[in-house]
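The values are calculated or read from the model by the stated rules, or taken from the named source; none is laboratory data. Please read these numbers as outputs of a predicted model, since none were measured by experiment. In this analysis, Cβ positions are derived from the backbone assuming ideal geometry, glycine residues included, and neighbour counts consider all displayed protein chains. The accessibility values were calculated without ligands, DNA or RNA, using every heavy atom of the protein model including side chains. Shrake-Rupley method; radii C 1.70, N 1.55, O 1.52, S 1.80 Å.
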Amino acid sequence: MNLSGKLSQYFEDLSIETETIRHPAFFTVEEGRTHKAEMPGGHSKNLFLRDKKKIFYLVVAWCDTAVDLVDLGKRIGAKGRLSFGSADKMAEILGVEPGSVTPFALIHDGASEISRVIVDERFMAFDRVWFHPLKNTASTSIAPGDLLLFIEACGHEPIVMDLGTSQDAKSSEA
């Protein structure tokens, strides 16, 4: 069974309802905005990060949250500055390519190398939240509580926290 088939089966085994919508590939939040306009709910940007000790983190942020990596690193006890993990490590640990980072990749066997999974508390306000189902040619919606259940079922204790200020709020303050 391929990884996407395994993901679908895992959702079914956990009694998690999802909806998947196919769309052209996009690699950034901005590229995806027009496609996601027809998908109600919270949309994401997902960051595969590491610190200087090569401890890996997955950050699941609302698309409009401005994540301060220096502040986040201090708050989660990272050793040194947080930086983005390489594409090779991403493929090894999460089994995905750049542009396809998703909390659903925690189903990958290598994801045990992720030290912490941090989820933006802003997602908890939405009925549905959207993530790529391991490839950036589709988006899958899930209830926020089911997202946390999924992360736990993959062997990680999600840390729900305020990840920063909204980019919209920042621009309105200027």
Open item on the list: Cut-off 10 angstrom, C-alpha nodes, Gaussian network model of the chain. Which of GLY155, GLY164, GLY110 fluctuates the most?
Closed with: GLY155
Task: Summed side-chain charge close to GLU113 - residues other than GLU113 whose Cβ falls under 12 Å, Lys, Arg +1, Asp, Glu -1 - done: +2
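Could you work out the local net charge near GLU152, counting Lys and Arg as +1, Asp and Glu as -1, over the other residues with Cβ closer than 14 Å to its Cβ? Write down the numbers at each step before the final one.
Working: positive: ARG116; negative: ASP13, ASP146, GLU157.
Here the count lands on -2.
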Open item on the list: Under 5 Å between amide hydrogens, which residues at least 5 positions from VAL67 or on another chain qualify, with H placed 1.01 Å from N in the peptide plane?
Closed with: none
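If you take every residue apart from GLU19 with its C-beta less than 15 Å away from the C-beta of GLU19, what net charge results, scoring Lys and Arg +1 and Asp and Glu -1?
Net charge around GLU19: -2.
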- [ ] Could you calculate the FRET efficiency of HIS23 with ILE159 from 1/(1 + (r/R0)^6), where r is the beta carbon distance between them and R0 is 35 Å, rounded to 0.05?
- [x] 0.70
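Rounded, prolate or oblate, given the Cα gyration tensor of the stretch 95-140, with a/c below 1.5 counting as rounded?
oblate
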TODO: Any chance you could run the full-extension gain for ASP88 through THR137? It's 0.36 nm times the residue separation minus the Cα-Cα distance, nm to one decimal.
DONE: 15.6 nm
- [ ] Calculate, for the chain, the solvent-accessible area per residue in square angstrom, rolling a 1.4 angstrom probe over the heavy atoms of the protein chains.
- [x] 50 Å²
Open item on the list: To the nearest 20 Debye, how big is the dipole of the chain about its Cα centre, given +1 on the beta carbon of each Lys and Arg and -1 on that of each Asp and Glu?
Closed with: 680 debye
Open item on the list: At 0.36 nm per residue, and after removing the present C-alpha to C-alpha distance, how many nm does the segment from SER15 to ALA66 gain when stretched out fully?
Closed with: 15.1 nm
Task: Correct option for Rg/Rh (Cα atoms, Kirkwood Rh) [calculated from the coordinates] among (1) 1.04; (2) 1.06; (3) 0.94 - done: (3)
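What is the percent carbon and sulfur in the accessible area of the stretch 70-174, measuring with a 1.4 Å probe over the protein chains and ignoring ligands?
Whole-percent figure for carbon plus sulfur exposure: 49.
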Task: Inter-site label distance for GLU31 and SER8 at 7 Å from Cα along Cβ, in nm - done: 2.5 nm
Open item on the list: Can you give the longest run of the chain that contains no GluC sites (Glu not before Pro) sitting in a DSSP loop with at most 14 other Cβ atoms inside 10 Å?
Closed with: 39-174
